[in-house]
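Taking it in order: structure first as structure tokens, then the write-up.
Each value in this text was obtained by applying a stated rule to the coordinates, not by laboratory testing. From a predicted model like this one, the values you see are computed outputs, not experimental measurements. Don't worry about glycine lacking a Cβ; one is built from the backbone with ideal geometry, like all the others, and counts go over all protein chains shown.
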Amino acid sequence: MAMNDLALLVEKAKAGDPDCFASLYEQVADDLYRMALYTLGNAHDAQDAVAETFMEAYKGLASLRDNAAFRAWILRILSFRCKRKIKQYVKERGTVDIDDLAALSGGPDLAETGINRADLVSALAQLAPAEREIVLLSVVYGYTTREIAGIVGAPHGTVSSKLHRSLKKLRALLEA
């Protein structure tokens, strides 16, 4: 969907059109779930985080100033939700349901890279939550470091250096 179409949906949803908010949901739900699953490590917490994100987005949609920034805005809400869940479920962090990951579409094709899915999941689990989030936003979703900075609410330079260090760390973990 073109950015203008998304902005139009946001405008109509702000005006109270529930069908338009449902369309917005359809546009981003899979990406949000995938991000939450990779970040939190299990399907149940990912589903909860996405549901809570949409409830918060629905309530706060009127406060969104730039309709074209909807995707980044809702990803930022999800980011905060995931951080809260990670703090709440520290003991569960790092457990990833391989079957859920295998069922997801999109993201890098591991067969082409020669990386075993279990090895990647294990390596991602060893990254700090903030590192994992930045790597996933960059590598899986293709966001630029400037866009990621807006999503996570950090300075661009911090995101750039954290991404560089995190990718270097991830490579080292995968090569070990």
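Please give the contour-minus-distance gain from L8 to T158: 0.36 nm per residue of separation, less the Cα-Cα distance, rounded to one decimal in nm.
Extending this stretch completely gives an extra 50.7 nm.
Which order do the peptides 32-44, 131-143 come out in when sorted by mean C-beta neighbours inside 10 angstrom, highest first?
The packing order, highest mean first, is 32-44, 131-143.
Starting from the Cα of Q126, step 7 Å toward the Cβ, then list every residue of the stretch 137-176 with an amide N under 14 Å from that point.
Correct set: 166-176.
Just subtract the alpha-carbon distance of Q47 and R171 from 0.36 nm times their residue separation and send over the number in nm, one decimal.
41.7 nm
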